[in-house]
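Visitor: Let me give you the structure first, and then I'll get to my questions.
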Amino acid sequence: AISLDMLGGLTDALNVIEEKKDDVRCVVLTGAGRAFCAGANLQGRNDPGKKLPDAGATLETAYHPFLRRLRDLHCPLVASVNGPAAGGGMAFALMADIVIAVRSTYFLQAFRRIGLVPDCGSTWQLPRLIGKARAVELSLLGEKLPAEKALEWGLINRVVDDADLAAETKKIATELANGPTVALAGIRRLYWESTHNSYEEQLDLEAQIQRNVGRTNDFREGVTAFLEKRPAKFAGR
């Protein structure tokens, strides 16, 4: 379950990643144990002797900064969903560029079960990924969405047998880590920005990012490798 201590640890991990960004070319987000993430930690929230915490303030000060840093990551992000992903945990998984889930898992918009509304960007992500009707249904009914159905709906990228998750994750993460990191970061930004840009704004942004990546050594290597009919050896610069 997500606690403030966990968010602090995740933030520390991102700090290390950014300090070593030249060496980190793909990030994998996964869970330990039977679940990917059970959502927010509710322990102590129902003590009648205590004033209820300001849930909105907690989002603004702890969750939102972390989510924005995932969005702005300098390299691809892979979610390796090893078990149930509920509430904010589901939102964390959907921040990834590639989402791989085990066949036995499910996704759950659990908020209505405890009298809350979806948060962590869920109401922005879900309609764009699966459409308004399905997003509203998941949120209002709070029903489990099996991994296979999530794949069918286009919510996630791949479903694998439970025993194959580690190997499939490593395969995809390695492919991304060996790629042209600056260009991959540009691709991430373009698709994030495309959801609210006009067509003209998106054309301008494509030109701006293409100008930057067109000056990288990886672009030079990619063209050379293409002309020499060999696989490119990208250095991430």
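Visitor: Which condition breaks for ILE114 when tested against (1) at pLDDT below 95; (2) in contact with a strand residue (DSSP E or B) (Cβ under 8 Å, 6 or more places away or on another chain)?
Guide: (2)
Visitor: Please state which one of LEU227, LEU140, LEU165 is open to solvent by less than 90 Å² (accessible area, probe 1.4 Å) and aliphatic (A, V, I, L, M).
Guide: Of the residues listed, the single one that is open to solvent by less than 90 Å² (accessible area, probe 1.4 Å) and aliphatic (A, V, I, L, M) is LEU165.
Visitor: Here's another thing I want to ask about it. Based on what the data block shows, is THR195 over 25 Å from TRP124 (Cα atoms), open to solvent by less than 100 Å² (accessible area, probe 1.4 Å), among the polar types (S, T, N, Q) and in contact (Cβ under 8 Å) with a residue 12 or more places away in the chain?
Guide: No: the conditions fail for THR195.
Visitor: Could you run through region 131-152 and say how many residues are in contact (Cβ under 8 Å) with a residue 24 or more places away in the chain and within 22 Å of LEU29 (Cα to Cα)?
Guide: Qualifying residue count for the region: 7.
Visitor: In region 217-237, how many residues are on the phi > 0 side of the Ramachandran plot and in contact (Cβ under 8 Å) with a residue 40 or more places away in the chain?
Guide: So the answer is 1.
Visitor: Hey, another quick one. Any idea which of (1) of a type in the set (Gly, Ala, Ser); (2) over 17 Å from the mean Cα position of the chain (by Cα); (3) at pLDDT 90 or above is the one ALA38 doesn't satisfy?
Guide: The one condition ALA38 does not meet is (2).
Visitor: With region 1-113 as the region, which strands (runs of 3 or more DSSP E) entirely inside it contain at least 3 residues that are in contact with a Lys or Arg (Cβ under 8 Å, 6 or more places away or on another chain) and either open to solvent by 70 Å² or more (accessible area, probe 1.4 Å) or of a type in the set (A, V, I, L, M, F, W, C) (or both)?
Guide: By residue number, 98-102.
Visitor: Please give the number of the condition GLY214 fails out of (1) open to solvent by less than 70 Å² (accessible area, probe 1.4 Å); (2) closer than 18 Å to HIS74 by Cα; (3) in contact (Cβ under 8 Å) with a residue 40 or more places away in the chain.
Guide: The one condition GLY214 does not meet is (3).
Visitor: Given the conditions (1) more than 21 Å from GLY39 (Cα to Cα); (2) hydrophobic (A, V, I, L, M, F, W, C); (3) over 15 Å from the mean Cα position of the chain (by Cα), which single one is not true for ALA173?
Guide: (3) is the only condition that ALA173 fails.
Visitor: To continue, here is another question. Would you be able to tell me the number of residues in region 114-127 that are in a helix (DSSP H, G or I) and either in contact with a His (Cβ under 8 Å, 6 or more places away or on another chain) or open to solvent by less than 30 Å² (accessible area, probe 1.4 Å) (or both)?
Guide: 3
The values are calculated or read from the model by the stated rules, or taken from the named source; none is laboratory data. Remember, it's a predicted structure, so these values are computed and weren't measured experimentally. Note that we place each Cβ from the backbone using ideal geometry, even for glycine, and neighbour counts take in every protein chain shown. These accessible areas exclude ligands, DNA and RNA; they are computed on the full protein's heavy atoms, side chains included. Shrake-Rupley method; radii C 1.70, N 1.55, O 1.52, S 1.80 Å.
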